[in-house]
Every structure is written in C-alpha cells, then in structure tokens.
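K.L.:
One structure follows; several queries about it will come next.
The values are calculated or read from the model by the stated rules, or taken from the named source; none is laboratory data. On a predicted model such as this, the values are computed, not experimentally measured, just so you know. Just so you know, the surface numbers come from the protein's heavy atoms only, side chains and all, with ligands and any DNA or RNA stripped out. Shrake-Rupley method; radii C 1.70, N 1.55, O 1.52, S 1.80 Å.
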Amino acid sequence: GGERLSSHRSPVTVLAVATEGGREMLISGDGSGLLIVWETDTWTPLAMLQGHKQGVSSIALQCVAGSTEVYTGGWDNHIWH
C-alpha cells in the first residue's frame, strides 16, 4: 500500500527517511518549495517548512550527536539548512 501525502500543494519531488530517538520520519519536498517532516506511524506532519521559492530538488541528511540535520537544494539555486 501507499500513503497519500495530502498536505503538499504540488507533486512530491524528493523523499528522505530519518530515524531519531527511535522514531522514524519521512521528509518530503514538493514543486512549490514546501518541505514536510512526517511521523511515519501515524503520517502526521511534525513540521512544514517553506524556504525555497521554487521546487525542492534534493534532500541530504546528517546525523550529529544523535539528532538529524536536514539540508535541501532547490530549483531556486539555494541550499537551506
């Protein structure tokens, strides 16, 4: 089965999975520049972030001292952290 990520305003363009404190999260980015962090047990959005002026084209994750740092690249030629 699949989950419909209905909080997005445009098609999902990138996905990444992270585990922090034993909790699995999915991070999704869309063509409008919106990034959503989902709790995968309930598919509840934990955070909705709008930084890019255009679509999110890449997501990179780095685990530092037990927490996950998220970096994104966008079609607006910006990188957000």
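K.L.:
List every residue whose amide H lies under 5 Å from the amide H of Ser32, counting only residues 5 or more places away in sequence or on a different chain, with H placed 1.01 Å from N in the peptide plane.
P.N.:
Ser10, Val56
K.L.:
Pop out the ³J(HN,Hα) list for the stretch 65-81 in order, Karplus 6.51 cos²θ - 1.76 cosθ + 1.60 with θ = phi - 60°, rounded to Hz; leave Gly and Pro as x.
P.N.:
So the Karplus estimates, Gly and Pro as x, are 6, x, 10, 9, 9, 10, 10, 10, x, x, 5, 8, 6, 10, 10, 10, 9 Hz.
K.L.:
Which cross-chain or sequence-distant (5 or more) residues have an amide H under 5 Å from the amide H of Gly51, H modelled 1.01 Å from N in plane?
P.N.:
For Gly51, the qualifying residues are Leu35.
K.L.:
Then there is this: Could you derive backbone 3J(HN,Hα) for the stretch 19-33 from the dihedral phi with the Karplus parameters 6.51, -1.76 and 1.60 (θ = phi - 60°), listing whole Hz in sequence and x where the residue is Gly or Pro?
P.N.:
With coefficients 6.51, -1.76 and 1.60, one gets 10, 9, x, x, 9, 8, 10, 10, 10, 10, x, 10, x, 8, x Hz.
K.L.:
Amide H neighbours of Val14 under 5 Å, at least 5 residues apart or on other chains, H built in the peptide plane: list them.
P.N.:
Correct list: Gly29.
K.L.:
Something else now. In terms of solvent-accessible area of protein heavy atoms at a 1.4 angstrom probe, what is the ranking of Val70, Val12, Val56, Val17, highest value first?
P.N.:
Putting Val70, Val12, Val56, Val17 in descending order of accessible area: Val17, Val12, Val70, Val56.
K.L.:
Which percent of the accessible area of the chain is formed by carbon and sulfur heavy atoms (probe 1.4 angstrom)? Mind dumping the intermediate values first?
P.N.:
Numbers: 2590 of 4960 Å².
With neighbouring chains kept in place, the figure for the chain is 52 percent.
K.L.:
Given axes a ≥ b ≥ c from the Cα gyration tensor, I'd like to know whether the stretch 16-81 is rounded (a/c under 1.5), prolate (a/b larger than b/c) or oblate.
P.N.:
Note, shape of the stretch 16-81 comes out oblate.
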